[in-house]
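Data block below; observations after.
The values are calculated or read from the model by the stated rules, or taken from the named source; none is laboratory data. No experiment lies behind these values; they were computed from the predicted model shown. Note: ideal-geometry Cβ built from the backbone for every residue, glycine included; neighbour counts use all protein chains shown. Calculation scope for accessible area: heavy atoms of the full protein, side chains included, ligands and nucleic acids excluded. Shrake-Rupley method; radii C 1.70, N 1.55, O 1.52, S 1.80 Å.
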Amino acid sequence: TSISHSQASGLNFLHQCGMLHRDVKPENVLLDHASNARLSDLGEALIIQNKGSLRRGEVYSRQYRGTPGYMAPEVLTCPQKTLDQLGRFSEHPDEEIMEYAKTFHGTWDLDGYGVGADWWALGCLLWDLLASEKERVRAYS
């Protein structure tokens with residue numbers, strides 16, 4: 001519970017400072033000498049200028065960023081940059097993911113994301129830490 005509290009506090013602090021992390025995953029959690037968990041790797045972070053504390057329900061990004069397996073549904077449906085055989089870039093949502101998105105239950109804002117995507121990723125990270133290998137294999141099968 002100490003790790004989950006540390007991560008939640010760190011994520012909340014980033015949001016209060018106007019930042020989305022956008023890549024919360026186990027590899028981006030470091031433990032210090034006192035076993036305090038610290039969020040690291042802000043390479044995908046988005047700093048929202050002059051917004052102050054970020055608010056739940058607001059859309060701050062429409063970019064496909066993060067690590068699959070820890071990405072919220074609304075992030076997965078954002079356009080992805082792809083390179084064709086001629087070396088040209090294009091941006092479009094993955095068709096297979098968009099078909100899958102039609103099966104989502106509840107109300108999803110599939111036109112961008114905000115702080116909820118970071119909290120989703122933290123939930124996935126904590127589930128990975130707490131679930132047994134058997135539970136993870138069953139969930140991903």
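You will find that of Ala8, Ala37, the residue that is aliphatic (A, V, I, L, M), touching a residue at least 12 places away in the same chain (Cβ under 8 Å) and farther than 27 Å from Thr77 by Cβ is Ala37 and no other.
Here is a yes/no grid of residues against (1) surrounded by 14 or more Cβ atoms within 10 Å (Cβ to Cβ); (2) modelled with pLDDT under 90:
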{"position": "Asp23", "(1), (2)": "yes, no"}
{"position": "Val29", "(1), (2)": "yes, no"}
{"position": "Asp32", "(1), (2)": "no, yes"}
{"position": "Gly43", "(1), (2)": "no, no"}
{"position": "Ser53", "(1), (2)": "no, no"}
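Check Phe104, Phe89 and return the single one that is at pLDDT below 80 and open to solvent by 60 Å² or more (accessible area, probe 1.4 Å).
Details: Phe104 fails: open to solvent by 60 Å² or more (accessible area, probe 1.4 Å).
Step by step, each of Phe104, Phe89 is checked, and only Phe89 is at pLDDT below 80 and open to solvent by 60 Å² or more (accessible area, probe 1.4 Å).
Can you give me the number of residues within the range 6-46 that are assigned to a loop (DSSP other than H, G, I, E, B) and not hydroxyl-bearing (Ser, Thr, Tyr)? Let's see the steps before the verdict.
First, pick out the residues of the range 6-46 that are assigned to a loop (DSSP other than H, G, I, E, B): 17-18, 21-25, 32-36, 40-45.
Still in the running and not hydroxyl-bearing (Ser, Thr, Tyr): 17-18, 21-25, 32-34, 36, 41-45.
Count: 16.
Checked against (1) more than 12 Å from Gly114 (Cβ to Cβ); (2) touching a strand residue (DSSP E or B) at 6+ places or on another chain (Cβ under 9 Å); (3) open to solvent by 40 Å² or more (accessible area, probe 1.4 Å); (4) not in a helix (DSSP H, G or I), Ile3 passes all but condition (4).
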